[in-house]
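Quick notes on the structure that follows.
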Amino acid sequence: MFDIGINLTSPQFAKDRDDVVARAREAGVSGMLLTGTNLHESTEAQRLTQRYARCWSTAGVHPHDSSHWTPQTADALRQLAQQPGVVAIGECGLDFNRNFSTPQEQEYAFSAQLALAAELNMPVFLHCRDAHVRFLALLEPWLSQLPGAVVHCFTGSREEMQACVDHGLYIGITGWVCDERRGMELREMLPHIPAERLLIETDAPYLLPRDLSPKPASRRNEPMHLAHIMERIAHWRGEEAQWLETVTDDNARKLFGVAF
């Protein structure tokens, strides 16, 4: 199993990062993509790819951090993106739910990162929340110049999912789908996501699956829970988990060019 989204640089993993990775391996996670959310975290994620086998990383600026974008940020990301282990630009996109950065700042940083990905011929690791129309409007002109893209931690509507698939995007599904309070719409649309466009992730340490049994003492999510997420997604899609694991692993290899 390949986890396409883990925030391994999070302070929540500071005391036991080695153990977290070891537990993931024991649980069958054969590869991980470490998420970069700003220049500092992207740099740290790349360093961790050199520490742990079969780990790769993204380099980018999350929409929440877009207010800190400068021309120097672009130059630094360009250099970082060409270092060993970095396989995608992102996490980048739009988040109009919280607007920690203004929409204008988010759009500027998003467009700049799409341009960088096109320049370097790298896939993009995308974030979209409450911004679907503007998100696609900014993304669409670049798609022909990009080798691929995934909408990470997808939580939109079925119509939004279909629009993303129609544009050739991959859909990243997390343990959000295991939440009986807010994940039901996503759960119901699972059978409608083409298998060849599906990717699986934990987004650890966030989004601990609520239906784990027994429930962990900590609310911290870990990549070792990817197997549970995979099994539940396969169940709700009416597929065998082993078959879905093979398909989604192949999708990850195709999109990110990784070998695991």
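For the chain, a simple Cβ point-charge model (Lys and Arg +1, Asp and Glu -1, everything else neutral) yields a dipole of about 480 debye relative to the Cα centre. For the chain, modelled as a Gaussian network with Cα springs under 10 Å, which listed residue fluctuates most, V165, V151, V177? In this elastic network of the chain, the residue with the biggest mean-square fluctuation among V165, V151, V177 is V165. log₁₀ I(q)/I(0) of the chain at q = 0.15, 0.17 Å⁻¹, via Debye over equal Cα point scatterers, no solvent, to two decimals? Normalising to I(0) and taking log10 leaves -1.05, -1.39.
Taking 0.36 nm per residue of separation and subtracting the Cα-Cα distance, what length does fully extending L212 through E185 add?
On the way: separation 27, 0.36 × 27 = 9.72 nm, distance 1.95 nm.
Contour length minus the Cα-Cα distance gives 7.8 nm.
Note: relative contact order over the chain, using C-alpha pairs below 8 Å and six or more positions apart, is 20 percent.
Report in % the part of the accessible area of segment 117-194 that belongs to carbon and sulfur, leaving out ligands and nucleic acids; probe 1.4 Å. Before the final figure, lay out the partial values.
Details: 1540 of 3240 Å².
Accessible surface attributable to carbon and sulfur in segment 117-194 totals 48 percent.
Here r is the Cβ-Cβ distance between E196 and K15 and R0 is 35 Å; the resulting FRET efficiency, rounded to 0.05, is 0.35.
If each residue of separation counts as 0.36 nm, what is the full-extension length gain between W243 and R220 once their alpha-carbon separation is subtracted?
5.5 nm
Placing a pseudo-label 7 Å from each Cα along the Cα-to-Cβ vector at N99 and F260 gives an inter-label distance of 3.7 nm. For segment 160-260, the dipole from Cβ point charges (+1 on Lys and Arg, -1 on Asp and Glu) about the Cα centre works out to 360 debye, to the nearest 20.
Computing FRET efficiency as 1/(1 + (r/R0)^6) for D75 and E140, where r is the C-beta to C-beta distance and R0 is 22 Å, gives about 0.25. Considering the options A163, P205, P223, tell which one lies farthest towards the positive end of the dipole of segment 148-260, charges being +1 on Lys and Arg and -1 on Asp and Glu at the Cβ, about the Cα centre. Going by the Cα projections, it comes out as P205. Accessible surface for the chain, divided over its residues, is 43 Å² per residue with a 1.4 Å probe.
Would you work out which of A14, S67, Q50 lies farthest towards the positive end of the dipole of segment 11-109? Charges go on Cβ: Lys and Arg +1, Asp and Glu -1. Of A14, S67, Q50, it is Q50. Entry note, the chain: the mean residue ellipticity at 222 nm calculated from DSSP H runs of n ≥ 4, each adding -39500 (n - 2.57), is -12000 deg cm²/dmol after division by the residues and rounding to the nearest 500.
Quote the FRET efficiency, to the nearest 0.05, computed for E231 versus R23 with a Förster distance R0 of 25 Å and r equal to the Cβ-Cβ distance. Intermediate values should be presented prior to the final figure.
Numbers: r = 17 Å, r/R0 = 0.68.
The value I calculate is 0.90.
Please report, as a whole percent, how much of the solvent-accessible surface of segment 30-96 comes from carbon and sulfur atoms (probe radius 1.4 Å). The value for segment 30-96 is 47 percent carbon and sulfur by accessible area.
Under a Cβ-Cβ cut-off of 9 Å, what is the net charge of the residues other than R232 that fall near it, where Lys and Arg count +1 and Asp and Glu count -1? Numbers along the way, then the final one.
On the way: positive: R187; negative: D211, E231.
For residues surrounding R232, the net value is -1.
Rounded to the nearest 5, what % of the DSSP beta bridges within the chain are antiparallel ones? Present the calculation step by step, with values, prior to reporting the outcome.
On the way: 0 of 24 bridges.
Within the chain, antiparallel bridges account for around 0 percent of the total.
The values are calculated or read from the model by the stated rules, or taken from the named source; none is laboratory data. Model, not experiment: these values are computed from the prediction. With ideal geometry, Cβ positions are generated from the backbone for all residues, glycine too; neighbour counts draw on all protein chains shown. Side chains included, ligands, DNA and RNA excluded: accessible areas come from the protein's heavy atoms. Shrake-Rupley method; radii C 1.70, N 1.55, O 1.52, S 1.80 Å.
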